[in-house]
Amino acid sequence: MKKHIFCLLITIVLSILFCLNTFAQTPTTIKTPTNVTVDAYIRPEFSVPQLAEIEALAADWIADHDSDAERVAPASRTYNCHAYAWHIKDGGNTVWLNAHDDHDDDPEILKKYWFGISPTYTSASSTNGTVCFYGSCWQYYDNDWHNNCDHSAEVISSNLVESKWGPWPRYRHSPSDCPYESSNIQYYNIPVSGDDLVCTSKTYSTLNISNATYNWSSEKVSTSGTSYSTTAIKTSNGAGWIQTEISSPYSGTTVRTEKKNVWAGKPQIYAYGSHIVDVNTGMPVYDFCYGTHNDVEAVHPAGDAGITDWDWQVLYGQVYPYGMLDQYATIYPYDYQSFMLEIRACNTCGYSDWAHMYTNVVDCGRYLLVFTPNPTTGETTLTIETNSSEKTFDENAPWDMEVYTETHLLKTKQTSLRGQSAKIQTAGWKEGVYLVRVNYNGEVLTGKVLVKK
């Protein structure tokens, strides 16, 4: 409600301050990318004193509301939020564009972009929208209903937009960090149609605008051509995307479509255990408890690979594998001998390579090495822990630590450590698995830490 009152007060203040210029505007028209005519206005710019007053009002609002909005362009009376989000940001000419006109035969001006004859945009989720509209907020005053809360913004990311605040400056901000009602934000984009999985090649298409030029771009697949459709050819396996920019001869703008996520080729399952986690904790598993059931889960790779099945196998060691069904498995070691656990996944394109991990079998009633974070990119903290009520840690007992590479070369060593934790600096280390060996209180403890770039 406070935002509604604020919008009303700003409207009144601006009308008083700039009434001499309020009606000094020239009606004009612009075109949507699909050649639909939209009414707009050409407005003169503020005078220098007026501009200073408007900038001060905007700065006061930012300060009064502890706003984190970042100012990216100065105040201007020549264009507003709707014109910027739907037209100017894509290269269109500078105009003032109303969302509604209560005194015209065409009250829903802005809806021409996503509703009616030849719409350009389609309703989208917030994660892949490219433009958004803050839903109508009607207020009754002066014996009539007025719409003072509508607003438009360019979507930068899932939690960042850029918008012009009426005649105020243009800002980058979170969707709710602005003077407009944000409870009903509607997202729109230009979708790309086609399958989510590319084994060898697939055809994709988007909005068909006659005489428009299309500039396709992609990752993990190759695309070409200047038509509204393109053939995507797999270039490598993994999570990719497809997108195009449409240059319209009608609006004089170049609009971008959604970035459609696709998976190219077979699944990619990586080694080092980072794709095998404990069912209960969700943490990567490197050590398995002796003489008990260890429930583990295979983690889907980043992106939707369209996985339909998982395969597991155990090599070496004395292990009973139970219930290796889909992405779940139960491992029961009955000897302290290390073993190798392997997984692979398949989709309609085929099977991934086997991903393998060497494991330790430990007595989970004894001391254990825990690394946080694991995997790490620059530093991890090693902590000696136990889940046994019969074990306590002696803060005064010195202990030594050694870290070895996968080829058993000594990487680093620390001696006479005290306390339960120690930091391991991994910045500059090659990506891979490192074996950590600790000599504490007459016991040799081992663990593994994964270093990633």
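Read-outs: derived from the displayed coordinates by stated rules, not from any lab. Just so you know, these numbers come straight off a predicted model, no measurement behind them. Reconstructed Cβ throughout: ideal geometry from the backbone, glycine too, with neighbour counts over all protein chains shown.
When only Cα pairs below 8 angstrom with a gap of at least 6 residues are kept, the chain shows a relative contact order of 10 percent. Applying 1/(1 + (r/R0)^6) with R0 = 22 Å to the Cβ-Cβ distance of ASP304 and GLU245 gives a FRET efficiency near 0.35. Against the longest principal axis of the chain, how steep is helix 48-64, in degrees 0 to 90 to the nearest 10, with axes from Cα atoms? In the chain, helix 48-64 runs at an angle near 40 degrees to the longest axis. With both residues required to sit in the chain, DSSP beta bridges show an antiparallel share near 95%.
Between LEU368 and GLU385, THR386, the built amide H atoms are under 5 Å apart, and every one of these is 5 or more places off in sequence or on another chain.
Suppose we flag GluC sites (Glu not before Pro) only when DSSP calls them loop and at most 12 other Cβ atoms lie within 10 Å. Which is the longest uninterrupted stretch of the chain? All intermediate terms of the calculation are to be shown ahead of the outcome.
Working: sites that count: GLU390, GLU395, GLU431.
It works out to 1-389.
VAL277 to THR200: extension gain in nm, 0.36 nm per residue of separation minus the Cα-Cα distance? All intermediate terms of the calculation are to be shown ahead of the outcome.
Details: separation 77, 0.36 × 77 = 27.72 nm, distance 3.15 nm.
Contour length minus Cα-Cα distance gives 24.6 nm.
Under 5 Å between amide hydrogens, built in the peptide plane, is the criterion, and for ALA40 it picks out THR28, THR29, ILE30 among residues at least 5 positions away or on other chains. Note on the chain: helix-only mean residue ellipticity at 222 nm, from DSSP H runs of 4+ residues weighted -39500 (n - 2.57) and normalised by residue number, equals -3000 deg cm²/dmol. Each of MET401, MET283 was scored by other Cβ atoms within 10 Å of its Cβ. Listed from fewest to most, they are MET283, MET401. Applying 1/(1 + (r/R0)^6) with r as the Cβ-Cβ distance of LEU51 and THR29 and R0 = 22 angstrom yields a FRET efficiency of 0.20.
Sort ARG418, ARG256, ARG344 so the one with the fewest other Cβ atoms within 10 Å of its own Cβ comes first.
Details: ARG418 11, ARG256 15, ARG344 19.
In order of increasing Cβ crowding within 10 Å: ARG418, ARG256, ARG344.
Model label sites at SER125 and TYR351, defined 7 Å from Cα along the beta-carbon direction, differ in position by 3.2 nm.
From the Cα gyration tensor of the stretch 211-274, with a ≥ b ≥ c the square roots of its eigenvalues, which class applies: rounded if a/c is under 1.5, or else prolate if a/b is larger than b/c, or else oblate? Mind showing how you got there, number by number?
On the way: a/c = 5.19, a/b = 2.70, b/c = 1.92.
Prolate shape, in that a/c is at least 1.5 and a/b is the bigger ratio.
Modelled label-to-label distance, SER416 and TYR332, 7 Å Cα→beta-carbon offset: nm? If labels sit at SER416 and TYR332, their model points lie 4.9 nm apart. Of all aspartates and glutamates in the structure, those lying under 17 Å Cα to Cα from LYS111, and not within fewer than 8 positions of it along the same chain, are ASP39, ASP101, ASP102, ASP150, GLU154.
May I ask you to work out the translational diffusion coefficient for the stretch 269-364 at 10 °C, viscosity 1.306 mPa s, via Stokes-Einstein with Rh from the Kirkwood sum over Cα pairs, reported in whole µm²/s? Translational D for this selection: 119 µm²/s.
Please go through the residue pairs LYS260/LYS430; LYS259/LYS453; LYS411/LYS452; LYS89/LYS112; LYS220/LYS453 and name each one whose alpha carbons sit more than 23 Å apart in this structure. Beyond 23 Å between Cα atoms: LYS260/LYS430; LYS259/LYS453. Treating cross-link reach as a plain straight distance, find the aspartates and glutamates whose alpha-carbon is under 18 Å from the alpha-carbon of LYS448, omitting any fewer than eight places away in the same chain. Those aspartates and glutamates meeting the cut-off are ASP278, ASP287, GLU342, ASP363, GLU379, GLU385, ASP400, GLU402, GLU406, GLU431. Residue separation of ASP400 and ASP66 scaled by 0.36 nm, minus their Cα-Cα distance, works out to 115.2 nm of gained length.
Starting from the eigenvalues of the Cα gyration tensor, five times each then square-rooted, give me the equivalent ellipsoid semi-axes of the chain, largest first, whole Å. All intermediate terms of the calculation are to be shown ahead of the outcome.
Values: eigenvalues 683, 177, 64 Å².
Square roots of five times the eigenvalues give 58, 30, 18 Å.
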